[in-house]
1. Between segment 221-274 and segment 303-331, what's the alpha-carbon centroid distance in Å?
2. Under 1.5 on a/c is rounded, so check that first for segment 155-301, then, if it is not, pick prolate when a/b is larger than b/c and oblate when it is not; a ≥ b ≥ c are the square roots of the alpha carbon gyration tensor eigenvalues.
3. Would you work out which of Ala32, Leu226, Ala92 lies farthest towards the positive end of the dipole of the chain, given +1 charges on the beta-carbon of Lys and Arg and -1 on that of Asp and Glu, about the Cα centre?
4. I need the phi-derived Karplus couplings for segment 242-250: 6.51 cos²θ - 1.76 cosθ + 1.60, θ = phi - 60°, integer Hz, Gly and Pro marked x.
5. To the nearest 10 square angstrom, how much accessible area does His145 have with a 1.4 angstrom probe?
6. Amide H of Ala149 versus every other amide H placed in the peptide plane: which residues, excluding those fewer than 5 positions away on the same chain, fall under 5 Å?
7. From the phi angles alone, apply the Karplus equation (6.51, -1.76, 1.60; θ = phi - 60°) to segment 44-57 and give each ³J(HN,Hα) in whole Hz, x where the residue is Gly or Pro.
8. Pairs of Cα atoms under 8 Å, at least six residues apart: use those to get the relative contact order of the chain, whole percent.
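The values are calculated or read from the model by the stated rules, or taken from the named source; none is laboratory data. Predicted model only: the values in this text are computed from it and were never measured. Please note: Cβ atoms are built from the backbone with ideal geometry, for glycine as well, and neighbour counts cover all protein chains shown. Just so you know, the surface numbers come from the protein's heavy atoms only, side chains and all, with ligands and any DNA or RNA stripped out. Shrake-Rupley method; radii C 1.70, N 1.55, O 1.52, S 1.80 Å.
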Amino acid sequence: AKLWPEVYLCTSSDVLAEFREFERFATATVNASLMPVMDRYLERFEQGVRALGIRHAPRVMQSNGGAVTPGAVRKIPVNTFFSGPAGGVIGAVSLGKQLALPNLITFDMGGTSTDVCLIRDGEPAKKSERAMGGFPVRTRTLDIHTIGAGGGSIAWMDAGGLLKVGPQSAGAYPGPAAYGRGGIQPTVTDANVVLGRLNPNALLGGRMSMHADRAQAVIDELADHLGVARTKAAAGVLEIINVNMMGALRVISVEQGEDPRDFTLVAFGGAGPLHAADVARGMGMGKVLVAPRPGLLSASGLLHDDVRADFSLTRLVPADGAGLKAINAGFKTLGKRGRQWLKGEGENTGTLQWFADLRYFGQNFELILAVKSDRRDEPALKRLVAAFHRRHKVAYGYDMRAQPVEIVNVRLVVTGKRRTVPHDRAEFARGELKDALLAKRKVWFAQGGYVMTPVYDRGRLPADCRIMGPAIIEQMDTTTVVPPKAKLRQDQFGYLHMALATIEIRRSAQWVTA
């Protein structure tokens, strides 16, 4: 760096101080490839912020849900890998605190993809390795699972004549046929228009015209190929995309030893509230929550993150007295690095949280457990090992208490609390529920076909109103579908709470129990 200052320098020990050499080398390589790109981008961004007269230095969201200065990102840009979807998860954590709902599953459905993440006791699930461009990148991220399922997902037939939906997407341009921008392939949005779930005349509060006839034409073409009626083809598109998204929820819940029925589904993004009830029912979940501005939750989440960094160090030693010296030395090294980093971020105070990766001897995967202090003694290690046995049994259904346990990595999470803005308080319309009624139209539901359904303007809903489904709630950035027998209420903050019919939940949840 001294002899050749204009060169970008990246060392694997700075990026990932852990063993598993291939993963470490791959992570350092990906990080190095991003350094010039991110450096130039952040330089332009900072100049633009200063040109606007904004005095405060910008912060950048990381994949772990924390914000850092652009300088920190320039050194390790790989930490911003999943920073976009992370904003929605942090926003959901914040609203969960506001509403005293600690157990949530986020459901962020947009035009091309759906992102889901599990939040237990106010803490989002995390992972230590993700694939990036086919390479195993080891960096601490929120456990966000993404699939190619969105409003623009294209419905098509495979070589065997079976209906498929996605992952190909029509995108914003040309987009779904209903947008009138030249799209000629049937999409999920077109199916929603045909089934009456989306406004056939306009979206975005009337700013965007819809072309219901074009949506019908592409769905009719699909129906002809399938040899079924228009309604059945459109309903099939929705059923397949919903099953695909249920599979994503299963990955982050059932496959991690979590029962989705213990959680509330938080729907946001442009299409999340449109499909949330059907997805929740299929997963056996009884509650759906819709934020006041679902299309903006990911952006507002950026205002609720803390300054945060994750540090790790390999200490491959037995989890007993023989490894105690190496373990404590590792924590001491991490503590020094963490305090130096916090000072470099301009934070005078911060919280230090300690963790350790444990596994049975001979295993090739670890479980991460919290450690109460950076100083360990033998009784504390015994308690940590006992906690590992319990966690292993919960996660995998068994434990091996006679098998030796070893510590693989020690970890440190450094957090500096930022002053965050409160969530907006809703401004409720005066009047009665009938004043919010826009129209009635036929809407298709899986529970009974087409039903004449009231359509409400969310901005005109009075405080503490209650609606029995079926109903459609329209607003500028999304549409919320309330199926038959579901109950909807709006709380004092403007959140929509949907309770699904218990008998339907039990029927749909049989596969979860099995």
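1. 40
2. Values: a/c = 2.15, a/b = 1.31, b/c = 1.64.
Since a/c reaches 1.5 but b/c is at least a/b, the shape of segment 155-301 is classed as oblate.
3. Ala92
4. Couplings: 5, 5, 4, 6, 4, x, 5, 5, 5 Hz.
5. Only protein atoms counted, so the area is about 50 Å².
6. Ser113, Thr114
7. Along segment 44-57, the couplings run 5, 5, 5, 5, x, 5, 5, 5, 7, x, 7, 7, 6, 6 Hz.
8. The normalised contact order for the chain reaches 13 percent.
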